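The block underneath contains the structure these notes are about, expressed in structure tokens.
All of the numbers you see were taken from the coordinates with simple rules; none came from a lab. These numbers were taken from a predicted model, which means no experiment stands behind them. With ideal geometry, Cβ positions are generated from the backbone for all residues, glycine too; neighbour counts draw on all protein chains shown.
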Amino acid sequence: MKPPQEIGDWYIRELLASAEKHKGRLLLAEVDGVVAGYACLLVEVSSADQREEILYTYSQVSDLAVLSTHREHGVGRALIAACEGIARTDGQRWIRLGVLAANQDARRFYARSGFSKMGLTLEKALS
């Protein structure tokens, strides 16, 4: 995931296309006129592509990033709260996101925000 200061036009186009496909939104958090963070919320994602037994929809935070200078100041909490509010308004029952296993700070943040483990993807280097 690109940090806010490294987002190019191509990346924004990709996020917007993904958001459009899933009734989603790109949210920006500004502090003193500076973009301090962003989130891309896919409001309606279907389980159809996941070979689930039961078809259902959920929301997914596909991207969430906060500038390091603005962490621990509520920017991430505000973005997650906004995503949750939009998902609830749309009638979704679940909201998901992915995080790298090694990113302990993000994992603690998401746990404090009420997220819990749903699955686990394992990886092995073949070099």
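Listing for the model above:
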{"quantity": "Packing-based exposure ordering (other Cβ within 10 Å, fewest first) of 90, 9", "calculated": "9, 90"}
{"quantity": "Under 5 Å, built H, 5+ apart or other chain: amide partners of residue 37", "calculated": "29, 67"}
{"quantity": "Least to most buried among 117, 21, 124 (fewest other Cβ within 10 Å first)", "calculated": "124, 117, 21"}
{"quantity": "Ellipsoid semi-axes in whole angstrom, largest first, where each is sqrt(5λ) of the Cα gyration tensor of the range 29-127", "calculated": "25, 20, 11"}
{"quantity": "Dipole moment magnitude, nearest 20 debye, the chain about Cα centre, only Lys, Arg, Asp, Glu C-beta charged", "calculated": "400"}
{"quantity": "Listed residue (48, 19, 113) projecting farthest to the positive dipole end of the chain, Cβ model", "calculated": "113"}
{"quantity": "Relative compactness, the range 6-72, computed as alpha-carbon Rg over 2.2 N^0.38 Å", "calculated": "1.33"}
{"quantity": "Net charge dipole size for the range 1-74 [Lys, Arg +1 and Asp, Glu -1 on Cβ; Debye, nearest 20]", "calculated": "60"}
{"quantity": "Over the chain, relative contact order from alpha-carbon pairs under 8 Å, at least 6 apart, %", "calculated": "19"}
{"quantity": "DSSP-loop GluC sites (Glu not before Pro) across the range 34-120, with at most 14 other Cβ within 10 angstrom", "calculated": "52, 53, 72"}
